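What follows is a short report on a single structure.
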Amino acid sequence: MATHPISIDSAGGEYMEAVLVVAWAAKPGDPVKAGDLIVTVETAKAATEIEADRDGWLADIFFTEGQEAPVGAVLGTIADEKPAVGQAAPVATIAAADPLAAANASSFVRQSGARAIASPLARRLAAAAGLDLSTVAGSGPRGRIKKRDIDAALAARSDAPGGILTAQAACPASLAAAPATARQTVPTLLIHGFGADRSVWRQVVPLLEPGIATISLDLPGHGAEAARPAKDIEEIAFTLSDRLEAMGVQDAHLVGHSLGGAAALALARFGRLTVRSVTLFAPGGLGPEINAGFIGGLARATSVQALERWLAVMVGDPAALPAGYAQAALRQIDRTGNRGALAAMAETLFPDGTQGFDLTTALAELGVPTRLVWGKLDRVIPAAHAARAPAFAAVHLLDGIGHVPQIEAPALTARLIAETVRSCG
Amino acid sequence: MAMMRYAEALNAALREEMQADPSVFLFGEDIGRYGGVFKATKGLMEEFGEKRVRDTPISEQALTAMAVTAAMTGTRPVLEIMYADFMPLTLDALVNQASIYNYVWNGQVKMPFVLRTQGGGGAGAGAQHSKALDSMVAHIPGIKVVAPSTPADAKGMLKAAIRDSQPVVFLEHKLLYNTRGEVPEGDVTVPLGKAGILREGSDISIFATSKMVVEASKAADLLAMDGVSAEIVDLRSLRPLDIDAIVASIAKTHHAVVVNEGWRFCGYAAELSATIMDHAFDELDAPVARVTLPDMPIPYSEPLETAMLPSAEKIRAAALKTLK
């Protein structure tokens, strides 16, 4: 009986090492049709629906509901023929007879954590090359990613035309002198907003055209930097600047959303980085108003119900939020343990319900192509702040969009970023 | 250059320093008439007399205090403690006197003495005469600790130690005394605080001390047959440690094995491992591996002792595991 794997590689978020199986839409032995929803998984902060790619019968389930599976793992199989009753593999046994599944069983062990296991050297080389560790298979003990794996991944990348980072992959062997790679293609730095993390860009990045290399960093107090909150916008800029310097990045296109927009402006004002262009989505720092209830609610929410209600404020149309988003966001906050950091940063960045920093001058002093994008239905920072944009900046006001264009309109977001980056040659 | 045994190189260093500086004198158990149990002081009593080469009773604690006071009053004593296993008896003088007087008396006191001793296993000397207690003395700020592995370094570093104004613990190894090597003739010193690159390599760095350098060199030969190019760094100065040399080597190979004949827990290899992570974390492509003595007394039985001691084969295995 021929079987075909159901896997998650294409649906995986850019930064995800693992996905959570939320629900199977069929039981082993059930018939499935090409295009049918077959399993829902959670990636980053969104539920992704995986459809059957052919007609057949669901034969095996290797990862049951509630289990984490590495990106690329075989979640189950579709058989060409109806499996005999009782022949379907028992649920939740990874060590199935199928060699493909067995191979994935070992990768499950090694990748099930939220963090890629990599040597310090491999980590440094990957960061310098803008390579996402979750896309690299580790060949060391316990699946540890070593230098040789990074070398192989970079060599493969240079072989693959159309890859997002093709322009950079010229000389993997010379990575010890890392900064050279960053200079070849000026990278585009994506900076997320308050309460999010770098995965907020995951829908946008795949839509960017080839040749645009992105680096997304977690803000202090967020994501992987949960343990290191910052107290003001200057400290945020300082931290980002330090990390870019450590990565050998000397010039960059800046893209920032909300607090990340303010951080981009502060980073430009800081002057250590050569800024090529600036694209801001609903940036902070252009006026005193901020929805303090939203900020506080986001930082304090401990239940899915509470968070869902605040997240609804964030978007123009609540239907724009992927199913399971609140659940995944809450899980992320619990995992990084940054609730305290968020509350502390909310307090110092937005004292008395006011934006505690003014970056209108920093914006006015930019000498590079600049674009501001605001959803007209933004209920977190009013779109009226866009009126403070200097005359040289392009301003886009989006109908029907709230505070997060990167989630509500990823294709348009990608297009506007690409056009800004391209406009400076 | 002259071909010399390690013990002869020490003897030459002592003789030359005693000839050059009348304030240098030697004392210890059986070093005079008997010439030292490992013959490092052979012939020196005949040449320099009983005042400058003194046989003493077995009393390590008193001897070390004597070295401290003699050094304070303007001489350059060289004390021999016959077995490193009895270093604990010297510790009070080292920890509470030698290492701190320069500090507590605001630099008015110099402490130019050398404490020579030998440790290590492999000679069937049993649990009381086989230990390498390097970390016990290397732990003390204000004391230099060196452990040359070759005859050339034995001579050059002993001369440098005698001329140093700080207390120096000079660690020898009972199985090194009969090793031979080229030794530069004349007044050549080897500065304390510098590591030696015994062999260059590109795949893995093996950092070793004292006789373990010999084992590491044999391991490098074995590894060459495995297709692995190992760099051997001789950490002949345990304190001060040549951190620059360590970092430079790891920046080249990205893999490190540290080898010390002392016990593992709180041992010198643990210090090396932590130092590497402090200074070269981002260069590491694998965790630092430690090859040490297991945390047990050393058995008298030869097969058991052999099984316990760090060896070329164990270093090779650790290197291959690190490179996986």
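Values quoted throughout were computed directly from the atomic coordinates according to the rules given, and no laboratory measurement underlies them. Given the structure is predicted, the values throughout are model-derived calculations rather than measurements. Don't worry about glycine lacking a Cβ; one is built from the backbone with ideal geometry, like all the others, and counts go over all protein chains shown.
Once the Cα-Cα distance is subtracted from the 0.36 nm per residue extended length, the B:Tyr34 to B:Ala65 segment shows a gain of 8.8 nm. In the protein assembly as shown, helical runs assigned H by DSSP with n ≥ 4 each contribute -39500 (n - 2.57); averaged across all residues and rounded to the nearest 500, the mean residue ellipticity at 222 nm is -9500 deg cm²/dmol. Per residue, the Cα convex hull of chain B amounts to 127 Å³.
The angle between the Cα long axis of helix B:211-225 and the main principal axis of chain B comes to about 20°, on a 0 to 90 degree scale. Cα centroids of the stretch A:363-383 and the stretch B:33-47: 87 Å apart.
Looking at the stretch A:265-404, what % of its DSSP beta bridges pair antiparallel, to the nearest 5? Counting only bridges with both partners in the stretch A:265-404, antiparallel ones make up about 10 percent. Structure remark: mean-square fluctuation, Gaussian network model of chain B, C-alpha springs under 10 Å; the largest value among B:Ala248, B:Ala71, B:Ala84 belongs to B:Ala248. Alpha carbon centre of the stretch A:212-244 versus the stretch A:310-343: separation in Å? Measuring centre to centre over Cα atoms gives 19 Å. In the structure shown, do any of B:Lys218/B:Lys324; B:Lys155/B:Lys321; B:Lys252/B:Lys321; A:Lys146/B:Lys131 have a Cα-Cα gap over 27 Å, and if so which? Over 27 Å apart, Cα to Cα: B:Lys155/B:Lys321; A:Lys146/B:Lys131. The mean number of Cβ atoms from other chains found within 10 Å of a Cβ in peptide B:254-261 is 1, as a whole number. Give the residue from A:Leu189, A:Pro206, B:Val288 lying farthest towards the positive end of the charge dipole for the protein assembly as shown; charges sit on Cβ (+1 for Lys and Arg, -1 for Asp and Glu) and the dipole is referred to the Cα centre. The residue sitting most towards the positive pole is B:Val288. Taking all Cα-Cα distances within the protein assembly as shown, those exceeding 51 Å account for 36%. The Cα-based radius of gyration and maximum Cα-Cα distance (Dmax) for the stretch A:186-422 are 16.1, 45 Å.
Inverting the pair-averaged 1/r between distinct Cα atoms of the stretch A:3-82 gives 12.2 Å as its Kirkwood hydrodynamic radius.
Residue by residue along B:278-291, Cβ atoms of other protein chains within 10 Å of the local Cβ number 4 on average. Beta-bridge orientation, the protein assembly as shown: approximately 35 percent antiparallel, per DSSP, counting only bridges with both partners inside. Taking every DSSP bridge with both residues inside chain B, close to 20 percent are antiparallel. Per residue, the convex hull around the alpha carbon atoms of the stretch B:55-200 comes to 135 Å³. Counting neighbouring Cβ atoms within 10 Å and putting the fewest first, the residues A:Tyr325, B:Tyr101 line up as B:Tyr101, A:Tyr325. A full extension of the chain between B:Ser301 and B:Glu185 corresponds to an added length of 37.7 nm, given 0.36 nm per residue minus the alpha carbon distance. The calculated FRET efficiency for the pair A:Thr274 and B:Ala224, based on their C-beta separation and a Förster distance of 60 Å, comes to about 0.80. For the segment A:120-126, counting C-beta atoms of other chains within 10 Å of every residue's C-beta and taking the mean gives 5.
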